[in-house]
1. Please arrange Thr103, Thr44 by how many other C-beta atoms lie within 10 Å of their C-beta, fewest to most.
2. Spelling out what I want: for every residue of region 126-132, take phi, set θ = phi - 60°, compute 6.51 cos²θ - 1.76 cosθ + 1.60 (Karplus), and round to whole Hz; glycine and proline get x.
3. May I ask you to sort Glu50, Glu129, Glu5 by Cβ crowding, counting other Cβ atoms within 10 Å and putting the fewest first?
4. Below 14 angstrom from the Cβ of Ile43, what's the summed charge of the other residues (Lys, Arg +1; Asp, Glu -1)?
5. Kindly state, to the nearest 0.05, the FRET efficiency for Asn19 paired with Ser111, given R0 = 22 Å and r defined as their beta-carbon distance.
6. If you plug each phi of region 5-12 into the Karplus form 6.51 cos²θ - 1.76 cosθ + 1.60 with θ = phi - 60°, what whole-Hz ³J(HN,Hα) values come out, in order, with x for Gly and Pro?
7. Kindly put Asp23, Asp63, Asp14 in sequence by how many other C-beta atoms sit within 10 Å of each C-beta, fewest to most.
8. Give me the distance between the Cα centres of region 44-103 and region 27-41, rounded to whole Å.
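Derivation of every value follows stated rules applied to the coordinates shown; laboratory data play no part. Please read these numbers as outputs of a predicted model, since none were measured by experiment. All Cβ positions, even for glycine, are placed from backbone atoms using ideal geometry, and neighbour counts span all protein chains on display.
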Amino acid sequence: MNNIEQTLSIIKPDAVERNLADDIKDIFKKNNLNIIDAKKIHITKDEASEFYKVHQSKPFFNDLCTYLSSGPIVVMILEGKDAIKNYRKIMGATDPKKADENTIRRLFGISIDKNSVHGSDSTENAKKEIDFFFKN
Ligand code: UDP
Ligand code: MG
């Protein structure tokens, strides 16, 4: 079965600031994740809070929203076979120290909060997150 899906990627402020966007995009292309749409934006803390609202009860929520709104980010729609699972795999575990070798977070992440990239975790969330940034 050819399960073509779309997922949302965010290159977070720590990676944009270190000019890693092109290196990360190369990894997407090598792994058959096609970039369907992309834009560089700088969101407000309120927008970050809306995006991450599933985490609103977590102790790290406030710092997470401050961080995501601290500088420019690149948001992208990625498309490919099993894109959601494929992208989560090449992204690596949330904590770069625990991520497998050659994953994006292992290669570029600084810490659990400055972990360079976001990726949707389910079909339902991928749809919601794509709509959040790309539906006007
Ligand atoms: N995060 C954090 N501290 C934690 C757990 C998560 O700062 O203890 C941040 C981290 O940047 C992570 C984001 O919150 O990427 C969302 O957390 P989630 O559990 O959804 O991880 P992800 O899906 O990004 O791997
Ligand atoms: Mg998540």
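1. Going from sparsest to densest Cβ surroundings: Thr44, Thr103.
2. 4, 4, 4, 6, 5, 4, 4
3. Details: Glu50 13, Glu129 23, Glu5 18.
Arranged by neighbour count, lowest to highest, Glu50, Glu129, Glu5 become Glu50, Glu5, Glu129.
4. Details: positive: Lys12, Lys39, Lys40, Lys45, Lys53; negative: Asp46, Glu47, Glu50, Glu129.
Net charge around Ile43: +1.
5. It comes out at approximately 0.70.
6. Along region 5-12, the couplings run 10, 10, 9, 9, 10, 10, 8, 7 Hz.
7. Asp63, Asp23, Asp14
8. The distance from the Cα centre of region 44-103 to that of region 27-41 comes to 15 Å.
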